[in-house]
Amino acid sequence: MSQYCILIHYHELALKRDNKAWFERTFQTNIKNQIEGIPYKNINTYASRVFIYGIDETKWEEYKNKLKNVMGLKNAILMQKVDAKMDLIQNIANNISSNVKFDTFRITAKRQDKGFKLTSHEINQIIGAEIYKNEKKAVSLKKPELNIIIEIVRGQAFVGYKKIEGYGGLPNGSNETAVSLLSSGIDSPVASFQILKRGVKLIYIHFHSSPATNKQSIMNCQKIMNILSNFQNESVLYMYPILKIQKIIMDKINDKFWVIMFRRVMIKLSCLLAKELNAKALITGENIGQVSSQTLSNIQAIAESSNYPIIRPLAGHNKEEIINIAKDIGTYEHSIAPHQDCCSFFLPLHPELKAKTEKIKAMEKQLNLDNLYLEIIKNREIYQI
């Protein structure tokens, strides 16, 4: 009698060596956290695979929607487990093919257990020939409508066809912590997502100009973080009111430098948060040449204000690539919702494109903003889920 389970292949973990077991434990913990509340009995890791046993196969949609959010997951397949005997494997494959509508099919066998007498190719041929005889459907190796997957692992056979692809990467929490500058636009949520795929634990920081601007950007940002929190267990958003500093900058600095000065303020406040929470880097959604503050000269002038590494995952992406990712992860609709951004709301007609770092530093020094940084930190709000 067969037993339903979910077989998971992980992504880059397969390349790890000495610390592979630690990565696997982290990955397994993240799986448990994701599927909490959906029935299962136990999760085992062996043969570079993760197996979820004691599941309710009728809830596959729930499992797959949760498992897709587990960073490090390459794919997950709903399987039936039997002893590694060809007649049992054939029975399951026949049952699948007789209950699924399809015009083309293929068999994809993997023989991890080299003690099994048949090769993967031979399994494909034998199972496929029987299905062809019964169903009279064409074989298509490239784009089959039905792909029956068979894996032979440690004397057991796993057979299924319902499969989801994951985002790959490394398990969340397998790397250190970083502070991500999160606006309610399109780019920074995607930048955060790309870094979450690298196993980094993110703390989010958002800057706003309320009450000069409405609170829609804050609300949008909270919704975006709610989505990003699907990819890590706990998320915190620190919301900083920077209007007071912005007014000082706008009163005393030529308007073409405003955005660069605003961005330096954001970076400095982010560095202070990173120090407070022992984070190791900052993450931004900067994309070279996309807006005036993202010319190479301006990026240099802004980055100089940081004493932490600034990672820019989207630096070389085009906008279409970024939008496609935003749509895939579910942040796009919130990012395009109307809002007043703390920088774009005060954007001058002719911003500086090639700022000189030393000149920017000299102007900033005259403003004497250090005490205001402490006041802003005191007045910040925290949103946590």
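The values are calculated or read from the model by the stated rules, or taken from the named source; none is laboratory data. A quick note: this is a predicted structure, and the numbers were derived from the prediction, not measured. Cβ sites come from the backbone with ideal geometry, for glycine too, and all protein chains shown count toward neighbours.
Structure summary
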quantity	calculated
Pairs, first touching a residue at least 40 places away in the same chain (Cβ under 8 Å) and surrounded by 21 or more Cβ atoms within 10 Å (Cβ to Cβ) in the stretch 235-246, second assigned to a strand (DSSP E or B) and among the hydroxyl-bearing types (Ser, Thr, Tyr), C-beta under 6 Å, six or more apart	Leu237/Tyr204; Leu237/Tyr383
Condition met for Gln216 (modelled with pLDDT under 95, outside the structural domain of Thr58 (by TED's automatic domain parsing) and touching a helix residue (DSSP H, G or I) at 6+ places or on another chain (Cβ under 8 Å))	no
Residue in the stretch 363-371 that is assigned to a helix (DSSP H, G or I), over 14 Å from Pro189 (Cα atoms) and hydrophobic (A, V, I, L, M, F, W, C) present	yes
Flag for Met266 being modelled with pLDDT under 95, out of contact with any His (no Cβ under 9 Å at 6 or more places or on another chain), hydrophobic (A, V, I, L, M, F, W, C) and part of a helix (DSSP H, G or I)	no
Which numbered condition Ser306 fails, given (1) part of a loop (DSSP other than H, G, I, E, B); (2) more than 23 Å from Asn379 (Cβ to Cβ)	(2)
Verdict on Gln28 being assigned to a helix (DSSP H, G or I) and surrounded by 14 or more Cβ atoms within 10 Å (Cβ to Cβ)	yes
Ile360 closer than 28 Å to Lys215 by Cα and either at pLDDT 90 or above or not in a loop (DSSP other than H, G, I, E, B) (or both)	no
Flag for Ile283 being at pLDDT 95 or above, assigned by TED's automatic domain parsing to the domain that holds Ile186 and buried (at least 20 other Cβ atoms within 10 Å of the Cβ)	yes
Conditions (1) within 21 Å of Asn230 (Cα to Cα); (2) touching a Lys or Arg at 6+ places or on another chain (Cβ under 7 Å); (3) modelled with pLDDT of 95 or more; (4) surrounded by 20 or more Cβ atoms within 10 Å (Cβ to Cβ); number of the one not met by Phe23	(3)
Candidates Ser297, Ser306, filtered to the one that is surrounded by 14 or more Cβ atoms within 10 Å (Cβ to Cβ), among the hydroxyl-bearing types (Ser, Thr, Tyr) and in contact with a Cys (Cβ under 6 Å, 6 or more places away or on another chain)	Ser306
Any pair with Cβ under 7 angstrom, 6 or more apart, that starts in the stretch 359-384 at a residue that is under 14 Å from Tyr238 (Cα atoms) and ends at one that is acidic (Asp, Glu) and part of a helix (DSSP H, G or I)	none
Those residues of the stretch 121-168 which are touching a Leu at 6+ places or on another chain (Cβ under 8 Å) and within 30 Å of Ala191 (Cβ to Cβ), in sequence order	Lys163, Ile164, Gly166, Tyr167, Gly168
Residues satisfying the stated conditions in the stretch 162-210, i.e. more than 9 Å from the chain's Cα centre (by Cα) and β-branched (Val, Ile, Thr)	Ile164, Thr177, Val179, Ile186, Val200, Ile203, Ile205
Tally, over the stretch 309-341, of residues that are free of Cβ contacts under 8 Å to residues at least 12 places away in the same chain and part of a loop (DSSP other than H, G, I, E, B)	1
Filtered residue count, the stretch 106-117, keeping only those that are crowded, with 16+ Cβ neighbours inside 10 Å and more than 32 Å from the chain's Cα centre (by Cα)	1
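Okay, residues lined up against (1) among the acidic types (Asp, Glu); (2) under 22 Å from the mean Cα position of the chain (by Cα):
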site: Asn30; (1), (2): no, yes
site: Pro39; (1), (2): no, no
site: Ala47; (1), (2): no, no
site: Gly54; (1), (2): no, no
site: Thr58; (1), (2): no, no
site: Asn75; (1), (2): no, yes
site: Gln80; (1), (2): no, no
site: Asp83; (1), (2): yes, no
site: Ile89; (1), (2): no, no
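Table: residues versus (1) in a strand (DSSP E or B); (2) of a type in the set (A, V, I, L, M, F, W, C).
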| position | (1), (2) |
| --- | --- |
| Ile205 | yes, yes |
| Ile218 | no, yes |
| Gln222 | no, no |
| Glu234 | no, no |
| Leu237 | yes, yes |
